Amino acid sequence: MIGDGTKVIRLQGRLAMPGFIEGHGHFVGLGHSKMMLDLRGAKSWDDIVRQVETAARTAAPGAWIVGRGWHQEKWQRPPEPNVDGYPTHTALSRVSPKNPVVLTHASGHMSFANAEAMRLAGVDASTKSPAGGEIPRGPDGQPIGVFRETAQGLIGRAHAAAERTRTPEERQQNLLKAIELASEECLYKGVTSFQDAGSAFDTIDVFARLAGQGKLPIRLWVMARDDNARLAQRLADSRRIGAGNNHLTVRAIKRSIDGALGPHGAWLLEPYEDLPGSTGLNTSSIESIRETARLALQHNYQLCVHAIGDRANRETLNIFEEAFRSNRIPESRRWRVEHAQHLHPDDIPRFAKLGVIASMQGVHCTSDAVFVLRRLGPRRAEQGAYVWRTLLNSGAVVTNGTDTPVEDVNPLDSYYASVTRKLPSGAAFFREQTMTRDEALRSYTRDCAYAAFEETLKGTLAPGKLADVVVLSRDILTCPEEAIRSAKVVYTIVGGKVLYAAE
């Protein structure tokens, strides 16, 4: 096959492997995260207030200030004053009186707003929490600025109204810039395929246009995300398999049945250890997701349900089992539970029995470990929190990813977490649940491909498959454990073309 125009890469001891497949992330969200305040490095609420204050100095009056990545459990000290550990908006509102501010939690399942944003949204002491959401309040009954789960929509609608004042061309350019930035970041980190955990049909239409023009650098496998009425209208005409020279596939639907553990939004069978009056939030009704399952069967789509708490996972598996019983086929439909973070021991064997994919993210374990014991207590944490080993031993397929922009899209962070479960302190979070290095690599390549019905195209390096290859600076299968984190992406190759080179 070698000719005069062939580029020859001599490995010289470096590792060539199948391109990493991001098993669950938010592609446009990754791009947008590069265009707003990055709050992930904040050590305290005061740090965040200072970032907003700096942004407000140069922002035009009335312009929205947007950020993402804060997490109250990762601050060095609790904010003062606080309600249940969450800050109040007073300091933030003081430094941004003329600009509405919305700051999304690292999990994406909670937002913080200042007084101006709440004014524009019409939120005050009389505003009721919507179904599947909560508005925490201070002793005076006034909202403190925190909006959990579906309550985020109250602020989101006000922000969206401001966005609609931009021209269609401006909004389109913003989306294209986000896609460009996300693509660049993925290639830099060795990601050749990206399983997008929920995009609207309008965004999917843009993906399709770019794929048809050969302008989509990495391969996207997309879950359509919308309400059931819109899904019924668009599923048939939106389905695509391998469009744009295998750069776009749309054959899955995304729904969410609960929230996230950090904001006390995961739906649990028993109350939270640190919030005994709550079992979390059911963000979409069971009946609604049953109807989505019916639509998925009708249009031959995979159904992917965000479920984090043990109650959420049980209810999701029940919905899947009911759907499979009414539509018996011999092979697995490869429906997926996205996250599957906290399981009741009785439900763990059901994944393999039903052929359901556990679409998990290794780095969530070590990132969340600082608060998991407080939320669940030691018994539930040991029996059912991020139980990759138990799932694998039961015969389930476990895939990997980062949930970016919740976490950095870097696969090596999730790979390291999967094989060590080590926290920054050096302690391990129930190390008996680790994957082997081979298993972790498969969870990021072959098994992700299987979870998308793409195992004949990608996930391994073999004749006839897509030439998606990553070259790493060291062999992560054999190097010392702590050396995994220092491995670098040297080349990212998509379809036989070098799209990123470090040298």
Give the aspartates and glutamates reachable from residue 215 as a straight Cα distance under 18 Å; neighbours fewer than 8 places away on the same chain don't count. 180, 184, 185, 196, 202, 205, 468
Out of 271, 147, 284, whose Cα points farthest toward the positive end of the dipole of the chain (charges: +1 Lys, Arg; -1 Asp, Glu; placed on Cβ)? 284
Lys/Arg +1, Asp/Glu -1 at C-beta; the chain dipole; positive extreme among 501, 200, 435: 501
In the range 11-106, what percentage of the DSSP-assigned beta bridges are antiparallel, given to the nearest 5? 20
Where the only charges are on Cβ atoms (+1 Lys, Arg; -1 Asp, Glu), what is the dipole of the range 59-152 about its Cα centre, to the nearest 20 debye? 220
What GluC sites (Glu not before Pro) does the range 315-374 have in DSSP loop regions with at most 11 other beta carbons within 10 Å? 331
Dimensionless Rg over Rh [the range 341-478; C-alpha; Kirkwood]: 0.98
Report the full-extension gain for the segment residue 329 to residue 164: residue separation times 0.36 nm, less the Cα-Cα distance, to one decimal in nm. 54.8 nm
Roughly how tilted is helix 411-420, in degrees to the nearest 10 and between 0 and 90, from the longest Cα axis of the chain? 90
Looking at the range 31-163, how many pairs of lysines come closer than 27 Å at the Cα, when each pair is eight or more places apart or spans two chains? 6
Going toward the positive end of the dipole of the chain, with +1 on Lys and Arg Cβ and -1 on Asp and Glu Cβ, which of 457, 377, 414 do you reach last? 457
Within the chain, what's the longest run with no trypsin sites (Lys or Arg not before Pro) in a DSSP loop and at most 14 other beta-carbon atoms within 10 Å? Give the range, please. 329-487
To the nearest 20 debye, what charge dipole does the chain have about its Cα centre, counting +1 at the Cβ of each Lys and Arg and -1 at the Cβ of each Asp and Glu? 780
Relative contact order for the chain, counting Cα pairs under 8 Å that sit 6 or more residues apart, in percent: 16
Can you tell me what percent of all Cα-Cα pairs in the range 191-313 are more than 21 Å apart? 46
Give me D for the range 31-163 in µm² s⁻¹, whole number, from Stokes-Einstein with Rh from the Kirkwood sum over alpha-carbon pairs, 37 °C and 0.692 mPa s. 225
What are the ³J(HN,Hα) values, in whole Hz, obtained from phi via the Karplus relation 6.51 cos²θ - 1.76 cosθ + 1.60 with θ = phi - 60°, for each residue of the range 65-77 in sequence order, with x given for Gly and Pro? 9, 10, x, 8, x, 6, 8, 4, 6, 10, 7, 6, 8
Scaled by the rule-of-thumb 2.2 N^0.38 Å, the alpha carbon Rg for the chain gives a ratio of 0.96
Unit charges on C-beta of K, R, D, E only; dipole of the range 335-479, Debye: 360
Using Cα atoms only, what is the angle between the long axis of helix 286-299 and the major principal axis of the chain, expressed in degrees (0 to 90) to the nearest 10? 30
Among the DSSP beta bridges whose two residues both lie in the chain, what percent are antiparallel, rounded to the nearest 5? 45
With n ≥ 4 as the cut-off for DSSP H runs, can you work out [θ] at 222 nm for the chain, using -39500 (n - 2.57) per run divided by the number of residues, rounded to the nearest 500? -11000 deg cm²/dmol
Fraction of beta bridges assigned by DSSP in the range 31-163 that are antiparallel (%, nearest 5): 60
Once the Cα atoms of helix 201-212 and of the chain are each reduced to a long axis, what angle between those two axes, in degrees from 0 to 90 to the nearest 10, is obtained? 30
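Just so you know, all these numbers are worked out from the coordinates, no wet-lab data involved. Note that the structure is predicted; figures quoted are calculated from it, not measured. Reconstructed Cβ throughout: ideal geometry from the backbone, glycine too, with neighbour counts over all protein chains shown.
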